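Peer 1: Can you read through this structure? Questions will come right after.
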Amino acid sequence: MPNPDSMVNPTRDPGGTSPHAPEEGASPRRWIVLAVLCLVVTVVEVDATVVNIALPSLAVDLSASSSDLAWINDSYILTFAALMLIGGRLGDQLGHKRLLMGSLTLFGIASALCMLATGTGQLVAWRALLGVGGAGILPASLALVTVSFPKGERGKAIGILSAMTVLGLPLGPVLGGYLLNHFWWGSVFLINIPLVVVTLICGQLFIRHQRPEPAGRGLDLPGVVLSTLGTGGLLFAVIEGPHRGWTSPITLGAGVLGIVLLVVFIQSQRRVRAPVFDLRLLRKRLFVLGSLATSLSFFVFSGIMFVLTQYLQGVLGYQPLDAGLGLVPLAVLFTASSVIAGPVAAKLGSRGVIALGLAFVGAGMLTLLGADASSSYTVIGVSLGLIGFGAGLNVGQAIAVSLSEIPMELAGVASGASHWVRQSAGALGIGLLGSVLASVYASGLRPHLGELSGAEAQRATDSVGAVGRTAASLGTDKAAELVRAAGAAFVDGMHTAMVVGAVLSFASAVLVFALLPKGNLARGAEEGV
């Protein structure tokens, strides 16, 4: 009889390098575990985007400046991505269930503190604490799926988990818009608390404690510090670049310091007994290429939502709830294509379905070149549908491929590294595509700002949403002309950003197809290797 305290009982092959989960006799409990984990990751991803809709209310109620609002939004992303590697290693050391339950508890406490915040400084701090909780939740969830499912089912399970992850991204603005129509801004954090309580109860009931045998004991504290500060410095530069300027001393200093610390961190991992990032992962081609493919999708997701939310509200005049609902096709088509990704991979092979998905993503971004300052929703809906469909083909398969050759004792650190790369790519998507958009927008708008004061002109170039209020000081005809110019400049910036994203998508598709081996790799059916 299987041990009831372990969902998977790995056994080593004679070489002692590759544990394998048993394919026969897997417990039906694994699907209940997956359902619980889907709820968990949805809660985390909703919180990553729900605050965007609440920012105007926060500006009024907390007297928050534009810089304050940026950090209320970005402090979560900063700690979330910076601590992801540590979350993976802690799962290997403490057990993935223990890490999940502890991180969920912290997430619930931080949500309550955000709800009760009375100033922007407090809210920034508590949002950062939310990111700490999320940094433990996601790698623990992916690791639990990896060790709970036999290899033949792992690709399907990870695809379902990935679909729920992406579903949370547009669900945040939709849910936030509804709550703000009926309640105060704190309600967007209050909703986390009952969800956390439910998932804690379900996790305790249905998830068995499972501890992969760690590759080394202890925790590399210098590595923890180096990886956290290095990732934090690099992301600080990306986040602040559009606001302070990419050539400002603070931006450049933070970026250079982050890169140097990350290089030192990688070098240090060669010499420690229990590394935060096991360098053996870099020697696994499937892990590297699978991580590349999923990172590109998260780069696009984050960038496209950042751009389209402003376009829908600031240019087309959508209300917050309508703007959130406008992003739903991305989630719906992602979920649908995730379901068929496995059968398609069985026929085309993993490299074929991943490359096809990336090509659809690129085509979706190019579709937005047909949008202008007075477009109907049709072009936007088609674009989001293509992006969602392509990403659904890509993400679940690519994650499963990246983890397909990972030993069970490295499940936690590998899932942590995988999430770290994806979340960092999401922050880069916002920073880089947002910077392209902002540069083109500001350049196109400046010739039309002659009659505005310096402060008013700066507000107009900072945000297309501020143009309407700024133009109110002008006459009716001049105000209308400025609003039209701002819409046209924003659309030009959006088009440029979409071309950049599409080029990256198509280039990644070619690279993945050329370098991945043949076969349905998520099921271990490699050919030619």
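The values are calculated or read from the model by the stated rules, or taken from the named source; none is laboratory data. Everything numeric here is computed off the predicted structure, so don't read it as measured data. Every residue, glycine as well, gets a Cβ built from its backbone with ideal geometry; the counts of neighbours run over all protein chains shown. When the accessible area is computed, the model is the full protein with side chains, heavy atoms only, and any ligands, DNA or RNA have been set aside. Shrake-Rupley method; radii C 1.70, N 1.55, O 1.52, S 1.80 Å.
Peer 1: Within region 93-108, is even one residue modelled with pLDDT under 70, of a type in the set (S, T, N, Q) and open to solvent by 20 Å² or more (accessible area, probe 1.4 Å)?
Peer 2: No, every residue in region 93-108 fails to be modelled with pLDDT under 70, of a type in the set (S, T, N, Q) and open to solvent by 20 Å² or more (accessible area, probe 1.4 Å).
Peer 1: May I ask you to verify whether ILE158 is open to solvent by less than 40 Å² (accessible area, probe 1.4 Å) and at pLDDT below 75? Spell out how you get there, then give the answer.
Peer 2: Values: open to solvent by less than 40 Å² (accessible area, probe 1.4 Å): yes; at pLDDT below 75: yes.
Judged against the criteria, ILE158 is a match.
Peer 1: Quick check on my filter: what residues within region 186-233 are over 24 Å from LEU37 (Cβ atoms), modelled with pLDDT of 80 or more and either open to solvent by 10 Å² or more (accessible area, probe 1.4 Å) or not small (Gly, Ala, Ser) (or both)?
Peer 2: The answer is PRO222, VAL225, LEU226, LEU229, GLY233.
Peer 1: Now for a different question. Would you point out the residue of region 421-455, among those that are of a type outside the set (Gly, Ala, Ser) and at pLDDT below 70, that is farthest from the chain's Cα centre (by Cα)?
Peer 2: Only one residue tops the list, namely GLU451.
Peer 1: Could you pull out every one of the helices (runs of 4 or more DSSP H) wholly within region 248-347 that has 2 or more residues that are closer than 30 Å to VAL510 by Cβ, in contact (Cβ under 8 Å) with a residue 24 or more places away in the chain and in contact with a helix residue (DSSP H, G or I) (Cβ under 6 Å, 6 or more places away or on another chain)?
Peer 2: Working: elements: 249-268, 285-310, 320-326.
The helices (runs of 4 or more DSSP H) meeting that bar are 249-268, 285-310.
Peer 1: Can you tell me how many residues within region 283-339 are surrounded by fewer than 23 Cβ atoms within 10 Å (Cβ to Cβ), among the β-branched types (Val, Ile, Thr) and more than 25 Å from ALA81 (Cβ to Cβ)?
Peer 2: 3
Peer 1: For region 316-357, give me each residue that is small (Gly, Ala, Ser) and within 17 Å of SER383 (Cβ to Cβ). I'd like the intermediate steps shown before the answer.
Peer 2: Of the residues in region 316-357, the ones small (Gly, Ala, Ser) are 317, 323-324, 326, 331, 336-338, 341-342, 345-346, 349-350, 352, 355, 357.
Once the filter is applied, which keeps residues that are small (Gly, Ala, Ser) and within 17 Å of SER383 (Cβ to Cβ), region 316-357 yields ALA323, GLY324, GLY326, ALA331, ALA336, SER337, GLY357.
Peer 1: Give SER295, SER302 a once-over and let me know the one that is modelled with pLDDT of 80 or more and of a type in the set (S, T, N, Q).
Peer 2: Values: SER302 fails: modelled with pLDDT of 80 or more.
Residue meeting the stated conditions: SER295.
Peer 1: For region 509-528, what are the residues that are among the aliphatic types (A, V, I, L, M) and at pLDDT below 75? It would help to see each step written out before you state the result.
Peer 2: Applying the first criterion (among the aliphatic types (A, V, I, L, M)) to region 509-528 yields 509-512, 514-516, 521-522, 525.
LEU521, ALA522, ALA525 - these are the residues of region 509-528 that are among the aliphatic types (A, V, I, L, M) and at pLDDT below 75.
Peer 1: If I filter region 136-146 for residues that are outside any helix (DSSP H, G or I), at pLDDT below 80 and closer than 21 Å to ARG208 by Cα, do I get at least one hit?
Peer 2: no
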